[in-house]
1. May I ask you to rank Asp149, Asp66, Asp29 by accessible area, largest first, using a 1.4 Å probe over the protein chains only?
2. Which log10 I(q)/I(0) values does segment 1-53 give at q = 0.14, 0.15, 0.23, 0.29 Å⁻¹ under the Debye formula, counting every alpha carbon as one identical point scatterer?
3. At 1.4 Å probe size, what's the solvent-accessible area of Ser22? Round to the nearest 10 Å².
4. Give the value in nm², to one decimal: projected area of the alpha carbon convex hull of the chain, averaged over all directions.
5. Can you send over the solvent-accessible area of Arg88, 1.4 Å probe, protein chains only, in Å² to the nearest 10?
6. Using a ≥ b ≥ c from the Cα gyration tensor of segment 41-112 (square roots of the eigenvalues), is it rounded, prolate or oblate, where a/c under 1.5 gives rounded and otherwise the larger of a/b and b/c decides, a/b for prolate?
7. Please give the solvent-accessible surface of Asp143 in Å², to the nearest 10, using a probe radius of 1.4 Å with every protein chain present.
Amino acid sequence: MVTGVAGIGKSTVARLLAERLSVPFAEGDDFHSPADIAKMSAGTPLDDADRQPWLESIGRWLHERDAAGTGAVVACSALKRRYRDTLRAACPHAFFLHLTAGRELLADRIGRRTGHFMPTSLLDSQLATLEPLEPDERGAELDATPAADTIVDMAADLLPRQ
């Protein structure tokens with residue numbers, strides 16, 4: 001699972017990593033309800049109650065792939081420990097690749113995106129919500145400033161050791 005705040009490059013890295021590993025890919029944003037997308041499009045951050053059904057849906061998708069033995073890569077913000085705990089409850093073997101970058105780079109990336117519902121105005125709420133991976137969580141943190149292919153190379157090198 002590739003995690004981090006908006007604009008970090010989750011979707012790009014996750015898609016490339018899934019291709020590299022020859023496993024299914026899912027875009028976490030596709031699991032949001034229309035009401036949640038409308039709320040975020042209007043500049044209102046989701047609260048934990050909004051996020052719970054979304055996380056459970058992603059967790060079910062991961063569980064199904066795990067049960068089938070295919071593995072999978074999902075792009076999902078998973079900003080709080082409790083969100084990752086929900087995902088881990090559904091798929092205990094989940095590995096969280098947490099991407100990080102500075103606010104200026106993130107704001108620039110979000111500002112250049114087209115066709116996405118997340119406005120730049122929600123970046124600060126995501127950064128405030130973010131809880132980095134804790135030592136007991138299965139995963140790793142990677143800097144998102146290099147090219148996506150470089151990040152995928154680093155991520156692929158991490159996975160066999162876990």
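The values are calculated or read from the model by the stated rules, or taken from the named source; none is laboratory data. Keep in mind that what you see is a predicted model, and the values were worked out from it rather than measured. For the accessible areas, the whole protein counts, side chains as well, though only heavy atoms, and no ligand, DNA or RNA atoms are used. Shrake-Rupley method; radii C 1.70, N 1.55, O 1.52, S 1.80 Å.
1. Ranking Asp149, Asp66, Asp29 by accessible area, largest first, yields Asp149, Asp66, Asp29.
2. Values returned for q = 0.14, 0.15, 0.23, 0.29 Å⁻¹ are -0.45, -0.51, -0.95, -1.16.
3. Estimated to the nearest 10 Å², Ser22 gives 100 Å².
4. Spelled out: convex hull of the Cα atoms, projected over all directions, averaged, 8.8 nm².
5. Solvent-accessible area, nearest 10 Å²: 40 Å².
6. Prolate is the answer for segment 41-112, as a/c is 1.5 or above and a/b outweighs b/c.
7. 80
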